[in-house]
1. Just give me the residues in segment B:328-359 being polar (S, T, N, Q), touching a strand residue (DSSP E or B) at 6+ places or on another chain (Cβ under 7 Å) and assigned to a helix (DSSP H, G or I), in sequence order.
2. For segment B:223-233, does any single residue satisfy the condition of being open to solvent by 10 Å² or more (accessible area, probe 1.4 Å) and over 17 Å from B:G363 (Cα atoms)?
3. When both residues are 6+ apart or on different chains and their Cβ atoms are under 6 Å apart, which pairs have a first residue that lies in segment A:293-312 and is part of a loop (DSSP other than H, G, I, E, B), and a second that is among the β-branched types (V, I, T)?
4. Between B:T118, B:T104, B:T83, which is away from chain A (no Cβ under 14 Å) and either touching a Phe, Trp or Tyr at 6+ places or on another chain (Cβ under 7 Å) or within 30 Å of B:A367 (Cβ to Cβ) (or both)?
5. For the subset of segment B:303-327 comprising residues that are touching a strand residue (DSSP E or B) at 6+ places or on another chain (Cβ under 6 Å) and surrounded by fewer than 23 Cβ atoms within 10 Å (Cβ to Cβ), which member is nearest to B:R286 (Cα to Cα)?
6. Mind checking which residues of segment A:91-103 are more than 25 Å from the chain's Cα centre (by Cα), assigned to a strand (DSSP E or B) and surrounded by 15 or more Cβ atoms within 10 Å (Cβ to Cβ)?
7. Could you list, in sequence order, all residues of segment B:274-283 that are open to solvent by less than 50 Å² (accessible area, probe 1.4 Å) and in contact with a Ser or Thr (Cβ under 8 Å, 6 or more places away or on another chain)?
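The values are calculated or read from the model by the stated rules, or taken from the named source; none is laboratory data. It should be emphasised that the depicted structure is a prediction, and the values quoted were computed from it without experimental measurement. Note: ideal-geometry Cβ built from the backbone for every residue, glycine included; neighbour counts use all protein chains shown. Surface accessibility is based on the protein's heavy atoms, side chains included, excluding ligands, DNA and RNA. Shrake-Rupley method; radii C 1.70, N 1.55, O 1.52, S 1.80 Å.
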2 protein chains.
Amino acid sequence: MYLSPNDPKYQTRPHVVILGGGFVGISAAKQLQHAPVDITLIDRRNHHLFQPLLYQVATAGLSAPDIAQPLRHIFANQSNVTTLMDEVTSIDLTARKVTMKEHTVSFDYLILGLGAQTGFFGNNHWEQHTLGLKTLNEATDIRRSFLTAFEMAEVESDPVLREKLLTFVVVGGGPTGVEMAGAMAELAGRVLTKDFRRIDPSSAKIHLVEAGPRLLPMFSEKQSEYTQRRLEKMGVIVHLHTPVTHIEEGKVIGSKLELQTDSIVWAAGVEANRVSRHMGEIPLDRGGRIQVEKDLRVPNFPNVFAAGDIVSLVDVKGVKVPGVAPSAMQMGRHAARQIIRDLEQKETEPFVYFDKGNMATIGRSSAVAAFAGLRFNGFSAWFAWLAVHLIFLMGMRNRVMVFLNWTWSYLSWHRGARIITGQGYIRTPRNSEVKASQNTACQTLPDT
Amino acid sequence: MYLSPNDPKYQTRPHVVILGGGFVGISAAKQLQHAPVDITLIDRRNHHLFQPLLYQVATAGLSAPDIAQPLRHIFANQSNVTTLMDEVTSIDLTARKVTMKEHTVSFDYLILGLGAQTGFFGNNHWEQHTLGLKTLNEATDIRRSFLTAFEMAEVESDPVLREKLLTFVVVGGGPTGVEMAGAMAELAGRVLTKDFRRIDPSSAKIHLVEAGPRLLPMFSEKQSEYTQRRLEKMGVIVHLHTPVTHIEEGKVIGSKLELQTDSIVWAAGVEANRVSRHMGEIPLDRGGRIQVEKDLRVPNFPNVFAAGDIVSLVDVKGVKVPGVAPSAMQMGRHAARQIIRDLEQKETEPFVYFDKGNMATIGRSSAVAAFAGLRFNGFSAWFAWLAVHLIFLMGMRNRVMVFLNWTWSYLSWHRGARIITGQGYIRTPRNSEVKASQNTACQTLPDT
């Protein structure tokens, strides 16, 4: 038992448990800094991950530590926060208890910020053949897979196999897919070119496969067209109206499409963290997202709030809240404020999403941005993207390191993290969670 | 077959195969830049690793990419070098053939620079209970193991288990052991202190266990005493005259010593890369090191040279050549020069080791150094250590990043890479090579 009810600390002040150290958890805990509560922040990792830059770790532009910050360090000086590293397995909302792999915690208030995970629209067996992009481990898996493919192609004498090795498929034309495809195209087309003797890395084929009629649907049609033009100029082969119908080892099949490849990045969809399906009788949408009340409470559980990618909400102004970082931060703060109001016997307030606009980077000096009616593309958008991401990145050291890496990459056309780590030179196109569990299955780990 | 004899390229110029992309391989290949030869540089990794700073990756001070440089990138502009990523399994010196996991290469000249691996003096079963420090994977394994121990201790209610979690043992009082113990003591005693709520990280016990009568035997007795005093001041518990006699899961036993711990870093010994034992009839010492001729040739194989940690040599001046980076670079260049002389029908020359002195860092502002009779300790030695390592680190970007990380750590007492990656939060005190092979054993990998 982690927090026993006998622990005097928890007889004096209400105990707020926050699940997830993402944008929701961080902003909620900070909002509660001066509240008369004791907070336990729980994440299965020891760090807050700045997801928006994850694709740059996957494409060797940044090192993993550059975009991560230890949760304990973030809250070192906020004395009402206790950090716990463990993995949530189930939540009993009625008994007010969170069960994890190694501990159990009871709560007075709960904030669910467990976010999303890669989703396959019911084709979960595709997971083992594709690479997701949600964790640092998955990012370094993609980096290893991508760099290793070029190493193997360099020494592959069979032209058919060589072509297969140099074929990369990104499924999903949203921001993540666009950013991945663009960064991969730059790596293959510009960064690696001089380093190989037998192959021409720029002959690699980067396919971006999107089911819908255009890329970046959250932007204007003009901007979608701009994005596609830029990507095609960079050598990316864009397939629109092409839903993927089948994925097997080494092969992707879609309508009008069949590609032989060992490198499939899945950026086509996310669903809520699976835990949402193990919380008893609460309303979920098809993606497992919790359909919360307007004030972010979980129906029938007035002391439980959910925020971020794990919820599905149309706010009081009728706006469908998107699953982006700014909305997660806003919801996290809102949930925290409602707990304070509740403690003050005040009515809770409905959440109103403030749209800060959208940004997506395509490649060097090119991005699309949309703020409050204003729409701009190209260098200005790209520069704004860099600035905004530096500002929201956590930790001054990380900001400096990322800024310098970007400057250096921009000037030299090099990438600072072109190393193959993990499984040595063996490529394993599986996401890390799967690998980890397989390890657990076939190793006898000393302390699990 | 990787290089077919029909390949016209290899009928015109002699083919020099260099095994290992460490200090030997890099300096040998560069020495041959203008020689009329074709070079194939083979390493199982895609990067050159700057081993002297590996302990800082293990202790969260640096990111893995900061001390690694892609081999292809290093030789992008040296057209007579071809890089191949593969793992050597055996070498047939008579048939002039190198067999790897996926390829076979034939050579006219061979330079063996495969270096050393962690050695257990015949107790190879200790390997599974200890953490080595030879590769980036091992370094991040140590980082994960170390940081996870504190996470688990924070929530461990049993005081006995908590003490076990907070007990760390470094075996071996050479430079690596001293640097690891010092960096661990700083991390526990200064960096983590404010971040935990239940435990006091500075109460962690860091044991440094050395079989011999003093630390850093290659330095003067005065400097050994200084080193021990400094370490003890930092909280390290130093055990001299204490050979380790037994290691099992969670326990280290030595003369006058029994420690309960899950974190055992093995820095007590190295032996030559195992490949040296699969090369047929060549003279080896007990550590598997090749007893080369004075000119670095392998006895009876005039076209085969060995250099670096894989050789055992007393040079013509009677100096036993130590297994350090400078000697590896010198030997690598010497071997390359002998190949050039051989091509010019000149006699080969004996290798003469030029002793550049010794340096070891203990902790913040304290190190020991010895150059040409000159011996100095403390800040001056520490500063010299920083400068020398920055100069020899490969790649301007890496130098800048490392310099900034050091400056930042010095000013803030923080560490920039305090993230737990790899097996998630599950600690696996095994070295990565073992893990990798276990994975291969129990996963069906798509392309191995």
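1. Scanning segment B:328-359 gives a single hit, B:Q338.
2. So far as segment B:223-233 goes, no, none of its residues is open to solvent by 10 Å² or more (accessible area, probe 1.4 Å) and over 17 Å from B:G363 (Cα atoms).
3. A:K294/A:V316; A:D295/A:T348; A:A307/A:V24
4. Answer to the check: B:T118.
5. B:S312
6. Within segment A:91-103, just A:K97 meets the criteria.
7. Within segment B:274-283, B:V275, B:M279, B:I282 qualify.
To keep it simple, each residue is scored yes or no on (1) under 21 Å from A:R418 (Cα atoms); (2) of a type in the set (A, V, I, L, M, F, W, C).
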{"position": "A:A183", "(1), (2)": "yes, yes"}
{"position": "A:E186", "(1), (2)": "yes, no"}
{"position": "A:R198", "(1), (2)": "yes, no"}
{"position": "A:L215", "(1), (2)": "no, yes"}
